[in-house]
Amino acid sequence: MNRVHNFSAGPAILPLEVLQKAQADLVDYQGTGTSIMEKSHRGVDYTQVHEEASALLSSILGLGDDFKVLFLQGGASTQFLMAPMNVLASGQTADYINTGAWSTKAIKEAKAFGEVNEAYSGKELNFTHIPTQEELKLSDCAQYVHFTSNNTIFGTQFATEPETNGVPLVCDASSDFLSKPIDIARYGILYAGAQKNLGPAGVTVVIVRNDILDCINKTDIPTIMDYRTHAEKLFNTPPVFPVYMVKLVLEWLQNKGGTAYFEQFNSKKATLLYTTIDQDDFYTGTADIASRSLMNVTFRLPSEELEKKFIQEAAAADLDALKGHRSVGGIRASIYNACPMESVQALVSFMADFKAKNG
Ligand code: PMP
């Protein structure tokens, strides 16, 4: 077995223990003679998996009885439209904090359902900056405030939730979900594609607060797009295998010590990497220091030729998937929960060697 150091932005590294457990279960799930993929989604085995995944998430986030956990399909991109379709009506306003490409896409979809107040746009600063509270121009009467907690492409992250005076937050947490504790009571809707911190591609976790569900009063939402449909019962076939994998990742996460453990662990990894970047001018971080992401560390080298060489030589040294997003170039090291410290150590040691040879 030759597992490389995997810095992919997503689909991203999964814990080896989880992959091995899934491998052991794959053909014959717990002595039942079939794979979990080959069973009815309404049978006892899958029902148990689904309920356990939901209960684990509830326990990790402290959801209590106030929220519903939904395992949906269509990626976070579908939530860009599903959230406003459910809770924003013509004549109503939603505040959107625009911190990157994903927020921009969410804004585009929301405009089809109501007014969007762009409470902040980082576009002119090339999305290198997360706004301070003072920089936000929130409206008086917003139905919700939408933000992208971590910007996978630009390597920026909100250190804390924006203050909204009780207006519910709607959050795209796709790339930092469960990487640290959050104040869940402030969220009305939180959604995250699983493929970074939570499991394989194919399932999107959506957490909706009950009072938000209770206030949905539209009658023209297509059934499958209506949160109430999924909150009420298992409406159609869920992505059974991804949900099963999510359950294993959640067990792994909880055994390690939950989000409090990962907050410290992720901070240690990111500090090691940013310290290496900041040593001198050879490597340059792209994000404002106060806006830096602990999940996606983005940086540049003195030239694009050197960046190309860096990516190639890194790959040859088993440091995989370090190329920045195609829209911005540069280098991006994604160091989600499942990325071990050894991988970051291997990367910083490679960076030191590369600088010594090319600096
Ligand atoms: N939001 C963020 C923050 C993302 O990083 C991504 C995917 N990279 C998306 C949304 C889109 O997710 P999906 O591909 O699951 O629709």
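Just so it is clear, none of the values below were taken in a lab; they were calculated from the coordinates. In this text, all values refer to a predicted model and were calculated from it rather than measured experimentally. All Cβ positions, glycine included, derive from the backbone under ideal geometry; neighbour counts span all protein chains shown.
Look at (1) buried (at least 22 other Cβ atoms within 10 Å of the Cβ); (2) within 19 Å of Tyr187 (Cα to Cα) and you find that Leu56 fails only one, number (1). If Ala159 satisfies all but one of (1) more than 16 Å from the ligand (Cβ to nearest atom); (2) surrounded by fewer than 21 Cβ atoms within 10 Å (Cβ to Cβ); (3) among the hydrophobic types (A, V, I, L, M, F, W, C); (4) farther than 24 Å from Ile335 by Cβ, what's the number of the condition it fails? For Ala159, the failing item is (4). For the stretch 108-122, a residue qualifies if it is under 27 Å from Phe299 (Cα atoms) and within 16 Å of the ligand (Cβ to nearest atom), and exactly one does: Gly122. Scan the stretch 201-219 residue by residue and report those that are within 30 Å of Ser8 (Cβ to Cβ) and surrounded by fewer than 20 Cβ atoms within 10 Å (Cβ to Cβ). Listed by number, the list holds a single entry, Ala201. Of everything in the stretch 6-53, what is of a type in the set (Val, Ile, Thr) and either within 16 Å of the ligand (Cβ to nearest atom) or buried (at least 17 other Cβ atoms within 10 Å of the Cβ) (or both)? Give them in sequence order. Within the stretch 6-53, Ile13, Val18, Ile36, Val49 meet the criteria. Where strands (runs of 3 or more DSSP E) sit wholly within the stretch 33-123, those with at least 3 residues that are among the aliphatic types (A, V, I, L, M) and closer than 30 Å to Tyr261 by Cα occupy 67-72.
Every condition in (1) free of Cβ contacts under 8 Å to residues at least 24 places away in the same chain; (2) of a type outside the set (Gly, Ala, Ser); (3) within 24 Å of Gly199 (Cα to Cα) is met by Thr219 except one, and the failing one is (3).
Being surrounded by 22 or more Cβ atoms within 10 Å (Cβ to Cβ) and either without any contact (Cβ under 8 Å) to a residue 60 or more places away in the chain or away from the ligand (no atom under 13 Å from the Cβ) (or both) holds for only one residue in Thr104, Thr99, and it is Thr99. In the stretch 177-198, the residues that are more than 16 Å from the ligand (Cβ to nearest atom) reach residues that are part of a helix (DSSP H, G or I) and among the hydrophobic types (A, V, I, L, M, F, W, C) with C-beta atoms within less than 8 angstrom, at least six apart or across chains, in these pairs: Pro181/Ala260; Ile184/Leu61; Gly188/Val87; Gly188/Ile212.
Output the residues belonging to the stretch 226-242 that are surrounded by fewer than 17 Cβ atoms within 10 Å (Cβ to Cβ) and in a loop (DSSP other than H, G, I, E, B). Matches in the stretch 226-242: Lys233, Leu234, Phe235, Asn236, Thr237. Residue pairs whose Cβ atoms lie under 6 Å apart, separated by 6 or more positions or on different chains, with the first residue in the stretch 72-88 and farther than 16 Å from Lys196 by Cβ and the second within 11 Å of the ligand (Cβ to nearest atom), are Leu72/Thr204; Phe80/Lys105; Phe80/Ala106.
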